[in-house]
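Participant: Below you will find the structure I want to go over with you.
Quick note: the coordinates plus some simple rules give every number you see, no bench work behind them. The structure displayed is predicted, hence computed values, not measured ones. We place every Cβ from the backbone using ideal geometry, glycine too, and count neighbours over all the protein chains shown.
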Amino acid sequence: MFRVDCSRLRFLVIDDNGYMRRIIRSLMHGFGAREVIEAEDGAAGLEAFATHLPDVVITDWSMPVFDGIELTKMIRQPDTSPNPFVPIIMITGYAERSRVFEARDAGVSEMLVKPISAKGLYMRIAKVVLNPRPFIRTENYFGPDRRHLVKAEAYRGRGTASNFLKGPLA
Amino acid sequence: MTRPNAPESNVPNTIEQDFGGTRLIHLSGTLRAKAAVRNSDASGVDDLSIAAAESAMKDLSGDFQNWMGDEVNRLVAAFDEYRSNGPGKRDISNLFRAAHDIRGQASAFGYPLAAEIAGSLAKLLDKIEPDYLPVQLITHHVDAVRAVYRSQIRDYANPIAVQIIHNLNKAIDRVVEARAKALAEEQKIALGR
């Protein structure tokens, strides 16, 4: 089996929340990554993407002005993007099935629902580096093959108060 | 976006196959060639890297209490700003962002109940138009997040907190359902004209 040597890769982390960027950066350094570039919104992220040409993009979904979905669509422009094949890992608070499909249709490679864990993030990085999905180009879509099992249900109800309720209202 | 003089190593070599209007592009494994190293563990999971990252996260955790406090203050300030504007001029974007961030981060900071309450508030703000939002229900959510933080309620062992969250969730479901029904009625009337 193989593992990923993150010290050989350049990562771009895009999140408007400084605390979340700090958490992701700490995790990435824990994985051994040396090059972790940060951007605080989608527009700055797109600029950093064109300037630094990262190997992996890790982005938040919800950001002001220019969100993670719009960013992904810009990066997946095959005729203008510096690297339309770059793996994009989206970190999000949204776990609804419709949101997962929306991200998939924009061209996101992997999704990670908050709260993030070291193992969850590492597994997504390992997936996009070691077993990347082929890309599909049609008239309406360019991005990773969407025939990919979506497990949105697995997140539903995880760690919520209803699991801990006792009594008649439960 | 224009294509700069990209280093060759960052642009994958590809094998392409055509199937009618669909082109299948197999990446030649550029990143794999660059960063894959043999692992003695047959599972392929790099336990050492994960443990190192968890340890780095633990080092940060001393700051989580203050960070959570900052996020709660941001939520309260965004709510005050929302409330200070009259109907028709209310902007929920800052309030939504503050609630959404707490939903995503509070569990990592050690406040999963606050994350759930904020998630329920974010759902309300996402589903209902600004002028139809029940201000009282938003107030209850903001107060609940503040109380959870102030009282340091960090787990689901507190039955009162659990019951409050359950009731807030139910109230939101009712509001969302009622608004959806009203919209459907309005649409029916508009189509009937």
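Participant: If we sort B:119-129, B:172-182, B:92-102 on the protection proxy, mean other Cβ atoms within 10 Å, highest first, what's the order?
Facilitator: B:92-102, B:119-129, B:172-182
Participant: Contact order normalised by length for chain B, with contacts defined as Cα pairs under 8 Å and 6 or more residues apart; what percent is it?
Facilitator: Normalised by residue count, the contact order of chain B is 15 percent.
Participant: Give me the inter-chain shielding for A:129-137: mean count of other chain Cβ atoms within 10 Å, whole number please. Could the numbers behind the result be given before it?
Facilitator: On the way: counts 7, 6, 3, 7, 2, 8, 8, 5, 7.
Neighbouring Cβ atoms belonging to other protein chains average 6 per residue here.
Participant: Modelled label-to-label distance, A:Lys127 and A:Met1, 7 Å Cα→beta-carbon offset: nm?
Facilitator: The modelled label-to-label distance comes out at 1.6 nm.
Participant: Here is a further query. Nearest 500 deg cm²/dmol is fine: what mean residue ellipticity at 222 nm does chain B get from its DSSP H runs of n ≥ 4 alone, each adding -39,500 (n - 2.57), divided by its residue count?
Facilitator: Working: 7 runs with 120 residues, N = 193.
When only DSSP H runs of four or more count, the value is -21000 deg cm²/dmol.
Participant: Across peptide B:99-109, how many C-beta atoms of other chains are within 10 Å of each residue C-beta, on average?
Facilitator: Counting Cβ atoms of other protein chains within 10 Å of each residue's Cβ and averaging gives 6.
Participant: Mind putting a number on the dipole of chain A about its Cα centre? Charges go on the C-beta only, +1 for Lys and Arg and -1 for Asp and Glu, and I need it in Debye to the nearest 20.
Facilitator: Taking the Cα centre of chain A as origin, the dipole is about 900 debye.
Participant: OK, next. Helix B:112-127 sits at what angle to the longest principal axis of chain B, using alpha carbons and giving 0 to 90 degrees rounded to 10?
Facilitator: Relative to chain B, helix B:112-127 is tipped by roughly 80 degrees.
Participant: On to the next question. Rounding to the nearest 10 and keeping the result within 0 to 90°, find how far the Cα-based axis of helix A:97-106 lies from the longest principal axis of chain A.
Facilitator: 0 degrees
Participant: Which of the lysines could be linked to B:Lys127 by a straight reach, that is with a Cα gap under 21 Å, when you skip same-chain ones fewer than 8 residues away?
Facilitator: A:Lys114, B:Lys89, B:Lys170, B:Lys181, B:Lys188
Participant: Quick check: the distance between the Cα centres of the stretch A:113-139 and the stretch A:1-20, to the nearest angstrom?
Facilitator: 12 Å
Participant: In nm, what is the difference between 0.36 nm times the number of residues separating B:Glu186 and B:Glu16 and their Cα-Cα distance?
Facilitator: Full-extension gain reported as 56.1 nm.
Participant: Which order do B:Trp67, A:Trp61 fall in if you start with the one that has the fewest other Cβ atoms within 10 Å?
Facilitator: Ranking B:Trp67, A:Trp61 by Cβ neighbours within 10 Å, fewest first, gives B:Trp67, A:Trp61.
Participant: Between A:His52 and B:Asn39, take the C-beta separation as r, use R0 = 30 Å, and let me know the FRET efficiency to the nearest 0.05.
Facilitator: Values: r = 28 Å, r/R0 = 0.94.
Efficiency computed from Cβ-Cβ geometry: 0.60.
Participant: Here's another thing I want to ask about it. Distances over 34 Å make up what percent of all Cα-Cα pairs in the protein assembly as shown?
Facilitator: Of the Cα pairs, 33 percent sit more than 34 Å apart.
Participant: Quick one: dipole size for chain B, taken about the Cα centre, charges +1 on Lys/Arg Cβ and -1 on Asp/Glu Cβ, in debye to the nearest 20. Walk me through the intermediate numbers first.
Facilitator: On the way: 23 positive and 25 negative charges, 113 e Å.
Taking the Cα centre of chain B as origin, the dipole is about 540 debye.
Participant: Which of these, A:Thr92, A:Thr72, A:Thr138, has the largest mean-square fluctuation under a Gaussian network model of chain A (Cα springs below 10 Å)?
Facilitator: Taking springs between Cα atoms under 10 Å, the residue moving most is A:Thr138.
Participant: Also: How big is the convex hull of the Cα atoms of chain B, per residue, in Å³?
Facilitator: Values: hull volume 55.0 nm³, N = 193.
Cα-based convex hull of chain B, divided per residue, equals 285 Å³.
Participant: Something else now. Restricting to the protein assembly as shown, what percent of DSSP beta bridges are antiparallel, rounded to 5?
Facilitator: Among the beta bridges of the protein assembly as shown, antiparallel pairing accounts for roughly 45 percent.
Participant: Then there is this: At A:Thr80 and B:Ser93, where each label point lies 7 Å from the Cα along Cα→Cβ, what is the point-to-point distance in nanometres?
Facilitator: 2.2 nm
Participant: While we're on this one: Would you compute, from DSSP H runs of 4+ residues alone, the mean residue ellipticity of chain A at 222 nm, taking -39500 (n - 2.57) per run and dividing by the full residue count, rounded to the nearest 500?
Facilitator: Mean residue ellipticity, 222 nm, calculated: -10000 deg cm²/dmol.
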